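Colleague: Just dropping this structure here.
The values are calculated or read from the model by the stated rules, or taken from the named source; none is laboratory data. These numbers were taken from a predicted model, which means no experiment stands behind them. Cβ coordinates were reconstructed from backbone atoms using ideal geometry, including for glycine residues, and neighbour counts include every protein chain displayed.
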Amino acid sequence: MLVHPETSAIACNRYRARRQNGVVPDALPSSAAVSARMSRQGSRDTAVEIAVRRLLHASGLRYRVNVPVPGMPRRTIDIVFGKYKIAIFMDGCFWHGCPQHATHPKANADWWRAKLDRNMARDRETTEHLAAQGWTVLRFWEHVPPGEVAAAVRAAVDLKKRVRGAAR
């Protein structure tokens with residue numbers, strides 16, 4: 001059951017304090033159905049990630065998943081080749097603002113615009129942070145076929161292997 005935070009003074013004050021501390025968003029979901037739908041959205045092990053990982057594993061590559069970004073709390077890398085410092089992100093079209101497929105909700109439009117802009121800024125910040133530490137960062141939209149993603153990742157890993165082998 002979705003309870004609106006203004007149902008009692010205590011709940012309202014508690015909600016206001018949590019919002020000020022950045023624990024909850026500034027806007028409430030436009031309906032209980034929207035709230036339920038958004039809470040079911042996966043942030044890891046999405047169908048696209050799993051398909052790409054299966055292809056990479058089948059080609060003999062080994063990796064780690066959902067690895068924390070070094071020096072950046074509450075951020076994770078979807079697929080990591082730590083030995084080669086390669087970070088792979090599979091970005092959802094809606095949540096990360098795909099120029100081809102992103103949609104813009106009409107309810108709470110200003111809040112959603114700000115939320116999605118923050119997501120994109122966080123993506124840029126994470127990419128820049130990892131690149132500054134010598135990582136190769138590859139980002140793919142969820143609509144890119146898994147075979148194409150896996151081929152690009154294999155090429156990046158092969159290149160790092162050759163460069164690393166030549167340096168020895």
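Colleague: I need every pair where a residue in region 94-118 that is outside any helix (DSSP H, G or I) has its Cβ under 9 Å from the Cβ of a residue that is acidic (Asp, Glu), sequence separation at least 6 or different chains.
Modeller: Listed pairs, sorted by first residue: GLY97/ASP91; GLY97/ASP117; GLY97/ASP123; CYS98/ASP91; CYS98/GLU142; HIS101/GLU142.
Colleague: Check whether at least one residue in region 36-51 is at pLDDT 95 or above, hydrophobic (A, V, I, L, M, F, W, C) and part of a strand (DSSP E or B), and report yes or no.
Modeller: The answer is no; no qualifying residue exists.
Colleague: Can you name the number of the only condition in (1) at pLDDT below 95; (2) surrounded by 14 or more Cβ atoms within 10 Å (Cβ to Cβ); (3) farther than 19 Å from ALA47 by Cβ that ALA156 fails?
Modeller: Unmet for ALA156, out of (1) at pLDDT below 95; (2) surrounded by 14 or more Cβ atoms within 10 Å (Cβ to Cβ); (3) farther than 19 Å from ALA47 by Cβ: (1).
Colleague: So, one more: Report every pair of residues separated by at least 6 positions or lying on different chains whose Cβ atoms are under 9 Å apart, first residue within region 63-85 and on the phi > 0 side of the Ramachandran plot, second surrounded by fewer than 14 Cβ atoms within 10 Å (Cβ to Cβ) and at pLDDT 95 or above.
Modeller: These pairs meet every condition: GLY71/GLN133; ARG74/PRO68; LYS85/GLN133; LYS85/GLY134.
Colleague: Also, quick follow-up: Just wondering, is there one or more residues in region 62-80 that are more than 26 Å from GLY165 (Cα to Cα) and assigned to a helix (DSSP H, G or I)?
Modeller: Within region 62-80, not a single residue is more than 26 Å from GLY165 (Cα to Cα) and assigned to a helix (DSSP H, G or I).
Colleague: Do we find that VAL137 is out of contact with any helix residue (DSSP H, G or I) (no Cβ under 7 Å at 6 or more places or on another chain), surrounded by 15 or more Cβ atoms within 10 Å (Cβ to Cβ) and not acidic (Asp, Glu) in this structure?
Modeller: Considered against the rule, which asks whether it is out of contact with any helix residue (DSSP H, G or I) (no Cβ under 7 Å at 6 or more places or on another chain), surrounded by 15 or more Cβ atoms within 10 Å (Cβ to Cβ) and not acidic (Asp, Glu), VAL137 comes out as no.
Colleague: Report yes if some residue within region 134-144 is in the same structural domain as ARG64 (by TED's automatic domain parsing), among the β-branched types (Val, Ile, Thr), closer than 17 Å to LEU61 by Cβ and in a helix (DSSP H, G or I); otherwise report no.
Modeller: Scanning region 134-144 turns up no residue that is in the same structural domain as ARG64 (by TED's automatic domain parsing), among the β-branched types (Val, Ile, Thr), closer than 17 Å to LEU61 by Cβ and in a helix (DSSP H, G or I).
Colleague: May I pose another question? Would you call THR103 over 21 Å from ALA58 (Cβ atoms), modelled with pLDDT of 90 or more and hydroxyl-bearing (Ser, Thr, Tyr)?
Modeller: So THR103 fails the test.
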